1. When DSSP beta bridges are limited to those with both residues in the chain, what percentage is antiparallel, rounded to the nearest 5?
2. I need the shape label for segment 31-70. Rule: rounded when a/c is under 1.5, else prolate if a/b > b/c, else oblate, with a, b, c from the alpha carbon gyration tensor.
3. Based on the Cβ-Cβ distance of residue 288 and residue 162, what FRET efficiency does E = 1/(1 + (r/R0)^6) give at R0 = 22 Å, to the nearest 0.05?
4. Mind checking which lysines have their Cα closer than 21 Å to the Cα of residue 330? Skip sequence neighbours fewer than 8 apart in that chain.
5. Give the relative contact order (percent, whole number) for segment 129-190; include only Cα pairs under 8 Å separated by 6+ residues.
6. Rank 11, 205, 194 by mean-square fluctuation in a GNM of the chain with C-alpha springs under 10 angstrom and give only the top-ranked residue.
7. If you fit an axis through the alpha-carbon atoms of helix 168-182 and take the longest principal axis of the Cα set of the chain, what angle between them do you get, 0 to 90°, nearest 10?
8. With a/c under 1.5 counting as rounded, go ahead and sort the chain into rounded, prolate or oblate using the C-alpha gyration tensor (a ≥ b ≥ c being the square roots of the eigenvalues; past the cut-off, prolate if a/b is larger than b/c, else oblate).
Amino acid sequence: MKSFVKRMRVGLVYNLKEEDEPPQSDLYAEYDSEETISAMENALLKNHDVVRIEADENMFEKLKSAELDIVFNVAEGRNGPARESQVPCVLDMLNIPYTGSDPITLAICLDKARAKEILHFYNIPTPRFEIFYNSKQKLNSLEFPVIVKPLREGSSKGIRNNSVVHSKEELEKVVYNCITVYNQPALVEEYLTGREFTCALLGNGKVRVLPIVEMVFDNLPKDAKPIYSFEAKWVWDTPDHPVEIFECPADIPASLEKKIRTICIKAYRVLNIRDWCRIDLRLDKEEIPNILELNPIPGILPKPEENSCFPKAARASGIDYDELINRVLKIASKRCGLI
Ligand SMILES: Nc1ncnc2c1ncn2[C@@H]1O[C@H](COP(=O)(O)OP(=O)(O)OP(=O)(O)O)[C@@H](O)[C@H]1O
Ligand SMILES: [Mg+2]
């Protein structure tokens, strides 16, 4: 039976990637390309009217006058430590419903340490960490090797092959670079070398975990660290020369799968995540899944060869790209009482 879809006026709110960005630069790595925005728009157009709105300084007036029923929000925001919250804050102010989490959850998940503090409070495993505000700081409770990453970035910005460090000298250099380039503190974490997974979750109340994706690092170039670095994500893996990194569904024992699913759902709940999220995890020495970070506005590149993990997990359960976008909208519409 065909389910009834109420035709709505949907605002698609996004930040557009600069087309002329040099290929090795990560300045706009989190923003969406014209191709991704068009793919989302076309998916929504199957069932709805769509108004595209770029999340720039003219957004407020456009949102105010567009007479939208709901916004499909994929905007990463512009500046500052809570940039992902900017669009949802404005939408809350204008009383326009939207897909995804609220401003508090988005800001907390963007700040990896704040998210980890909450996970720790609820006994959800996450690698131990220290925050470095300057490069002269010394490790306090952690031992080498550690991994250094910007406190508030995504899309592997600032996570390069040399981010795994083994000595005081390396640490000082990498932390200095991280703080000066990204203009924010550095998160220094215990480096876990176990298997890595990412999980796509959908829903509210009864949350669904899509087939688990495993990152297998065996096919990275020789001498590459077994991490999903900026190079692994954007430089070495191209549609012409794909690096085979992903296994979906992950080939894992049922007991491990259950543990991963349980941990992800618990994290989703304690962080008050809504509608959808992608959660990255890695096993520690005891084979316990640890949460690395949560992405409440997950990347959704449309082409399968671009290896975007949320659409990949959806495809593995028979949900194609267009259906995924429409499902997220439907889940949000239900939550907001629109259908
Ligand atoms: N504590 C850790 N131990 C081992 N590897 C890690 C750790 N933290 C990060 N990594 C590696 O670095 C990669 C990127 O880290 P992380 O997921 O924190 O960055 P991100 O930029 O937020 O990613 P995303 O693209 O998912 O937004 C991970 O996928 C993992 O391979
Ligand atoms: Mg990640």
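Here, each number is a calculation from the coordinates, and none is a lab measurement. This one's a predicted model, so the numbers in the text were calculated from it and none came from an experiment. When we count neighbours, we look across all protein chains shown, and the Cβ atoms used for this are built from the backbone with ideal geometry, even at glycine.
1. The antiparallel proportion sits near 70 percent.
2. oblate
3. The calculated FRET efficiency here is 0.20.
4. Straight-distance partners of residue 330: 2, 6, 46, 206, 312.
5. The normalised contact order for segment 129-190 reaches 52 percent.
6. In this elastic network of the chain, the residue with the biggest mean-square fluctuation among 11, 205, 194 is 205.
7. So the helix axis and the longest Cα principal axis differ by about 20 degrees.
8. Prolate is the answer for the chain, as a/c is 1.5 or above and a/b outweighs b/c.
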